[in-house]
Every structure is written in structure tokens, then in C-alpha cells.
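Asker: Quick one: structure below, then a few questions.
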Amino acid sequence: MPLPDSIPAPPAEAVAPLMRGVAVLQRLTEANGVLSPSALERATGLARSTVDRIVATLARMGYVRLDGRDATLTPRVMELGNAYLAALRLPDLLSGHADALADELDESVSLAVADRDGIRFVHQATRRRALSLSFRIGDLLPAERTAPGPLFATEWTTDAWRTWRTRRQQDPHHRGFPTVPPVRHPPTDTEASQDFERRTADAASAHYALDDQLIEPGLVAVSVPVRDPRTGRIACVASVVSHTSRHTAADLRGALLPRLRATVAAMEETLRQAPPPAPGPPRSGLAIWTGASKQELGREFVESLARGLTVLTAFGEGRAELTLTDIAKATGLARATARRALITYEHLGLLTPTTTTIATTTAATDRQPPHRTFALTPRVLSLGFPPLSRTSLPQIALPHLRTLTDAVQETTALAVLTEPGDEIRYTARVPASHVMSVDVRPGTRLPAGRTTAGRLLLEKPPAPYTVRDEELEQGVRSIAVPVHDRTGRVIAALNAATHVARRTTEECVDDILPALTSTAAHIETDLHTAARFTRVPLT
Ligand code: PHB
């Protein structure tokens with residue numbers, strides 16, 4: 001298949017399986033996280049056997065799950081986007097300000113960064129209401145359809161404008177931006193250019209910009225740039241997003257812009273005072289596991305894909321700019337292997353060379369200058385982040401409950417305490433296929449003190465597990481373990497229910513507890529990854 005002019009051919013040293021794996025992750029992301037193997041074949045143009053090997057490798061890495069035959073992205077894949085967002089630091093430093101403004105105004109507030117000629121969201125403080133369309137963390141929008149776009153464009157070079165014009169000519173309907181409605185009647189090139197250039201000039205003098213229903217009817221936004229105090233350049237753009245049923249674009253400027261400006265001033269002060277990032281725990285050997293035997297990893301396992309993807313996880317907080325040496329050290333990969341992954345990612349726009357010079361000693365045989373550092377780009381968020389950024393604890397738990405029910409042959413469920421704490425609610429449940437199984441549907445509320453899960457959740461501090469005979473249903477014996485959030489707080493109970501005639505209390509502990517405990521750990525791992533930069537609802 002000939003490549004379109006705008007996509008340069010990959011350099012000779014690029015790792016082909018890594019490029020294919022990235023393409024599979026990106027097509028899955030665009031499809032909202034789920035595709036059948038044949039749909040993946042069509043979307044990527046790859047042969048079925050290649051798709052199968054890539055999906056098997058991604059499954060082995062825990063980035064996709066095979067549900068029936070469909071490939072489904074898992075929360076674990078968010079570790080790639082998390083690496084970028086942690087390295088960026090802006091969400092960690094500024095999201096509190098954005099969330100407070102959203103509360104104050106009762107409107108959604110977002111933070112976006114520039115991604116070439118587009119904008120990409122790195123934080124969303126959203127309101128739940130009927131009339132609101134809000135974008136997800138990681139979504140990419142064409143600059144000219146947004147309020148942040150003209151602000152970023154005030155810093156564009158001639159080259160960047162040329163890239164923008166070329167993209168507009170090649171994709172006037174914005175089909176390359178699956179999260180925005182397509183443009184039905186695109187303006188002429190001249191009209192589009194003049195309009196965006198005028199909006200950019202206005203943004204340069206007014207230091208704010210408006211989006212008056214550029215994305216879709218009803219959606220309005222006002223944006224202000226947040227400047228990096230060291231460089232004076234735009235670090236990100238903060239926006240307040242509303243609907244014309246609540247505010248016109250003129251209202252946004254009059255009523256909300258002053259408060260947005262005050263928040264942005266506070267954000268810039270936070271950036272000014274931020275201590276240097278704490279270097280996280282030193283990383284080493286991230287990719288060692290990929291060297292295990294084929295027997296262990298599976299016949300279909302594509303080592304070069306797994307190794308390449310691991311390179312992205314070498315980045316993180318306090319690890320925003322890494323040299324080839326740093327990456328080889330963190331991953332345990334040979335320098336030549338790490339170098340080829342870097343070349344591949346640079347070609348794909350997922351990684352960019354940075355210009356910081358740090359003194360390191362490196363063998364002169366490497367063609368990369370020793371001081372050359374690399375940083376992840378916002379495009380890393382296109383590897384699975386947006387569809388998973390809206391996940392909930394029940395969604396995270398459900399596939400794990402299925403595996404658990406399968407393993408222990410008992411009905412398993414997740415329960416949370418409801419306000420003010422006198423009831424529990426089952427939020428996810430997978431029944432065992434016994435004739436007689438406990439019938440509590442998700443959503444069922446029960447008095448907390450009379451259920452095993454509830455008793456566990458009411459204890460302070462909760463025990464590692466509880467086994468009890470249920471008071472509400474005769475003959476039901478159940479065992480529960482706690483599920484913790486990132487801060488160590490108990491937020492839910494994972495529960496398996498049997499019949500008193502089927503297992504004794506001791507048998508519950510011996511036969512079910514180990515599987516229950518390891519399932520809770522898997523749910524926690526997923527939850528902690530998903531909740532690093534997004535709010536994961538418990539119900
Ligand atoms: C958003 O945060 O969803 C948003 C921000 C700016 C826009 C449009 C949407 O122009």
C-alpha cells in the first residue's frame with residue numbers, strides 16, 4: 001500500500017513490529033477500546049496472523065484482554081499515558097486549581113496542551129449534567145475548532161503554520177479527528193486561513209480566546225494561557241466550557257473570564273513555587289521479563305514489540321527527559337535495542353529529542369550524542385488513554401469477578417458502603433452456575449450491619465477478611481476482603497457467597513480466600529493505574 005505524501009517513510013532502523021503494535025493500540029483507542037480481530041485487520045491493513053500475534057503480545061503485557069474473540073483495552077494500558085502525564089507534571093500541579101474553579105462556577109474546566117496543529121486534553125474537571133459534551137483526557141481536537149487553538153497558534157513557527165495548512169487541505173472535514181463531529185460544509189482554504197489567522201491575532205492581543213460553537217451547536221468555551229514562569233511560553237491552556245442554554249459566548253467573557261484569569265494567575269504562581277520534581281524510585285529491569293522463554297511467553301509473543309513498549313514506561317515524574325543510557329538502564333535493554341525503539345518513537349511522533357545538555361559519560365560508539373535527551377509527547381495519550389479515562393470501579397472489577405467466579409465456582413460480587421453508611425450496595429456481580437445461587441443483583445441495597453461485606457466495611461480498621469453466615473438469607477455463608485484505593489483507604493468489599501451445606505467456614509478460608517485476595521489485588525492494581533490522573537467513580 002503506497003503511503004500518502006504526508007507520511008514520511010520510516011527510517012531503516014525503525015522496529016516494524018513496534019510500529020504495528022502502536023497502530024493496533026491507536027485503532028483500538030479510536031474504536032473506544034474494543035475491536036474484533038477482523039475489524040482490527042481492516043483498520044490496520046495488517047494480515048490476520050500479524051494482528052493475532054500483536055494482540056497476543058499486548059494481552060501478555062496486560063494491555064488488552066480477549067473477551068470472547070474481541071480485543072478490549074484494559075486499565076493497565078493507562079500506564080503509558082500516565083508516564084507522559086507524570087513527566088509533564090502539569091496535571092499534578094494544576095488540577096486542584098482547575099477542580100476548584102469548576103466547583104466555583106459549576107461548569108467544566110479543562111487543561112489542554114499543544115499537539116502539533118491540534119490540542120490535547122491533559123485534565124478535565126467535568127460536571128455531570130444532561131446538556132454537556134465534554135472531551136476526555138487524551139482526546140485530540142483540531143486547533144481551529146477550539147478556544148485553546150488560537151492561543152497556541154500565537155507561538156507557531158512558519159513551519160507549524162505550513163503543517164496546519166497542509167492538514168486542512170488534506171482533511172477539510174476533520175475526519176482525522178474521530179472525537180469531533182465532521183465539518184459538513186468546509187470553508188475554502190482562504191476563508192479558513194483568514195479566520196484562524198484573525199482569531200490568532202486577536203488571541204495574541206487579548207490573551208484569551210473564545211470558542212463560539214465551533215465544535216458543535218451549543219458548546220461554548222473561553223480559554224486563557226498558563227505560562228511557564230521560566231520560559232514565558234505557554235505550558236498549557238485552561239478553559240471553562242459551557243452550553244448556550246446557560247451562557248452565551250459573550251457571557252463567558254463577561255462573567256467567567258475574570259474568574260478564569262484569577263485561577264490562571266494562581267496556577268502560574270504554583271508553577272513558580274513548585275519544587276523540582278522528586279525523582280521517583282530508580283527504575284531498572286523493566287523489560288527483563290520479555291527475555292523469558294517462548295514456552296513461558298507463548299508462541300505468538302513478539303519480543304521486539306513488548307521491549308519497545310516498555311521503553312515508554314521508563315519515563316515518569318522526575319524522569320521527563322532521559323538519555324539513551326538512562327533508558328537502557330531503566331529497561332535493562334541493550335543500548336542498540338533501546339536506540340532503535342527511540343528512533344521508532346521519534347518517527348511516530350511519540351517521543352521528541354529535547355535540548356537540555358547534561359554531562360554523562362557514554363561510549364563514543366553510539367551515534368546519539370551522549371547528552372541528547374528525549375521526552376514523551378502528548379501523542380502518547382493516543383495509546384489507549386481516552387476510552388479508559390471514563391471507567392468506573394464496577395467496570396474495572398467485572399472481568400476480574402468473572403475469572404474469580406470461574407475459579408471458585410461461587411457467586412462473587414463487589415459491594416460499597418452508601419451514604420450515610422448504613423447500607424451496602426452491590427455494584428458488580430458474577431453468579432456461579434449452581435442451581436441454587438445467591439440472588440442479589442447489582443444495585444441491590446442491603447443493611448450494612450447484616451451482611452458480611454457490610455460488616456467488613458464498617459470495621460475500622462477493616463480486617464484482612466471476614467467470613468460470616470448471612471443474617472438476611474438463611475443458609476448463605478459468605479467471605480469478604482477489602483479493596484483499597486491509591487491512598488490505602490478501604491473503598492469496597494469483594495465478596496464470594498456459598499451455601500452452608502457446600503463449604504464450612506474453614507473450607508471458605510482454605511478454598512476461596514487465596515483467590516479472593518489475589519483478585520482484590522488485581523482490581524487494586526487496575527484501579528490505582530486508572531485513578532492516577534482520572535477520577536474513578538466507585539459506582
Ligand atoms: C473542553 O474542555 O471540553 C473544551 C475546551 C475548549 C474548547 C472546547 C471544548 O474550545
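Asker: Taking region 447-463, which residues are part of a helix (DSSP H, G or I) and closer than 20 Å to THR411 by Cα? I'd like the intermediate steps shown before the answer.
Answerer: From region 447-463, those part of a helix (DSSP H, G or I) are 448-450, 452-458; that's our starting set.
The answer is ALA448, ARG450, THR452, ALA453, GLY454, ARG455, LEU456, LEU457.
Asker: While we're on this one: With the checklist (1) in contact (Cβ under 8 Å) with a residue 24 or more places away in the chain; (2) under 21 Å from PHE315 (Cα atoms) in hand, flag the one item ARG65 doesn't pass.
Answerer: That leaves (2) as the condition not met.
Asker: So which pairs qualify, if the first residue must be in region 286-303 and within 8 Å of THR57 (Cβ to Cβ) and β-branched (Val, Ile, Thr), the second must be modelled with pLDDT of 95 or more and open to solvent by less than 30 Å² (accessible area, probe 1.4 Å), the Cβ gap must be under 6 Å, and the two must be at least 6 apart or on different chains?
Answerer: Matching pairs, first to second residue: VAL302/THR57.
Asker: Of all residues in region 208-231 being away from the ligand (no atom under 14 Å from the Cβ) and touching a residue at least 24 places away in the same chain (Cβ under 8 Å), which is surrounded by the most Cβ atoms within 10 Å (Cβ to Cβ)? Let's see the steps before the verdict.
Answerer: Taking region 208-231 as the starting set, the residues that turn out to be away from the ligand (no atom under 14 Å from the Cβ) are 227-231.
Add one more test, that the residue is touching a residue at least 24 places away in the same chain (Cβ under 8 Å), and what stays is 227-229.
Details: ARG227: 17, ASP228: 14, PRO229: 14.
For region 208-231, the residue satisfying everything is ARG227.
Asker: Could you list, ordered by first residue, the pairs with Cβ atoms under 8 Å in which the first is in region 385-406 and over 17 Å from GLY138 (Cα atoms) and the second is of a type in the set (Asp, Glu) and open to solvent by 30 Å² or more (accessible area, probe 1.4 Å), at least 6 apart or interchain?
Answerer: The qualifying pairs are PRO399/ASP67.
Asker: Of the residues ARG162, ARG184, which single one is surrounded by fewer than 16 Cβ atoms within 10 Å (Cβ to Cβ), over 28 Å from the mean Cα position of the chain (by Cα), free of Cβ contacts under 8 Å to residues at least 40 places away in the same chain and assigned to a helix (DSSP H, G or I)?
Answerer: The match here is ARG162.
Asker: Can you tell me how many residues in region 310-323 are touching a helix residue (DSSP H, G or I) at 6+ places or on another chain (Cβ under 6 Å) and buried (at least 21 other Cβ atoms within 10 Å of the Cβ)?
Answerer: Initial filter on region 310-323 (touching a helix residue (DSSP H, G or I) at 6+ places or on another chain (Cβ under 6 Å)): 310-317, 320.
Still in the running and buried (at least 21 other Cβ atoms within 10 Å of the Cβ): 310-312, 314-316.
The total comes to 6.
Asker: Now for a separate question. Could you list, in sequence order, the residues of region 140-163 that are away from the ligand (no atom under 16 Å from the Cβ) and not small (Gly, Ala, Ser)? So that I can check it myself, show each step before the final result.
Answerer: In the first step, residues of region 140-163 are kept if they are away from the ligand (no atom under 16 Å from the Cβ); the result is 155-163.
Residues satisfying the conditions are GLU155, TRP156, THR157, THR158, ASP159, TRP161, ARG162, THR163.
Asker: Among (1) open to solvent by less than 60 Å² (accessible area, probe 1.4 Å); (2) at pLDDT below 95, which single condition is ARG120 missing?
Answerer: The one condition ARG120 does not meet is (2).
Asker: Sticking with this one: Does LEU286 satisfy the condition of being buried (at least 18 other Cβ atoms within 10 Å of the Cβ) and touching a strand residue (DSSP E or B) at 6+ places or on another chain (Cβ under 7 Å)? Step through it out loud before you land on a result.
Answerer: Values: buried (at least 18 other Cβ atoms within 10 Å of the Cβ): yes; touching a strand residue (DSSP E or B) at 6+ places or on another chain (Cβ under 7 Å): no.
So LEU286 does not fit the description; no.
Asker: State which residue is nearest to the chain's Cα centre (by Cα) when the search covers only region 232-256 and only residues that are more than 13 Å from the ligand (Cβ to nearest atom) and surrounded by 20 or more Cβ atoms within 10 Å (Cβ to Cβ).
Answerer: Across region 232-256, the extreme among qualifying residues is ALA235.
Asker: Still on this structure, please answer the following. Applying the selection to region 2-55, what residues are assigned to a helix (DSSP H, G or I), open to solvent by 30 Å² or more (accessible area, probe 1.4 Å) and in contact with an Asp or Glu (Cβ under 7 Å, 6 or more places away or on another chain)?
Answerer: Scanning region 2-55 gives ARG48, ASP52, ARG53.
Asker: Can you confirm whether LEU417 is over 30 Å from GLY68 (Cα atoms), touching a helix residue (DSSP H, G or I) at 6+ places or on another chain (Cβ under 6 Å), open to solvent by 30 Å² or more (accessible area, probe 1.4 Å) and not in a helix (DSSP H, G or I)? Please lay out each step first, then the result.
Answerer: Details: over 30 Å from GLY68 (Cα atoms): yes; touching a helix residue (DSSP H, G or I) at 6+ places or on another chain (Cβ under 6 Å): yes; open to solvent by 30 Å² or more (accessible area, probe 1.4 Å): yes; not in a helix (DSSP H, G or I): yes.
It is true that LEU417 is over 30 Å from GLY68 (Cα atoms), touching a helix residue (DSSP H, G or I) at 6+ places or on another chain (Cβ under 6 Å), open to solvent by 30 Å² or more (accessible area, probe 1.4 Å) and not in a helix (DSSP H, G or I).
Asker: A further question follows. Which one is farthest from PRO258 (Cα to Cα) among residues in region 192-201 that are at pLDDT 95 or above and surrounded by 15 or more Cβ atoms within 10 Å (Cβ to Cβ)?
Answerer: PHE196
Asker: Limited to region 222-270, what total is found for residues that are assigned to a helix (DSSP H, G or I) and hydroxyl-bearing (Ser, Thr, Tyr)? So that I can check it myself, show each step before the final result.
Answerer: Of region 222-270, the ones assigned to a helix (DSSP H, G or I) are 249-270.
Subsequent filtering for residues that are hydroxyl-bearing (Ser, Thr, Tyr) retains 263, 270.
Summing the residues that are assigned to a helix (DSSP H, G or I) and hydroxyl-bearing (Ser, Thr, Tyr) in region 222-270 gives 2.
Asker: Is it true that some residue in region 508-526 is among the β-branched types (Val, Ile, Thr), in contact with a strand residue (DSSP E or B) (Cβ under 6 Å, 6 or more places away or on another chain) and in a loop (DSSP other than H, G, I, E, B)?
Answerer: The answer is no; no qualifying residue exists.
Asker: Kindly indicate which of GLY81, GLY68, GLY62 is at pLDDT 95 or above, closer than 19 Å to HIS400 by Cα and either open to solvent by less than 10 Å² (accessible area, probe 1.4 Å) or over 14 Å from the mean Cα position of the chain (by Cα) (or both).
Answerer: Going through GLY81, GLY68, GLY62 in turn, the sole match is GLY62.
The values are calculated or read from the model by the stated rules, or taken from the named source; none is laboratory data. Note that this is a predicted model, so its numbers are computed, not measured. Every residue, glycine as well, gets a Cβ built from its backbone with ideal geometry; the counts of neighbours run over all protein chains shown. What goes into the accessible areas is simple: the full protein's heavy atoms, side chains included, and nothing from ligands, DNA or RNA. Shrake-Rupley method; radii C 1.70, N 1.55, O 1.52, S 1.80 Å.
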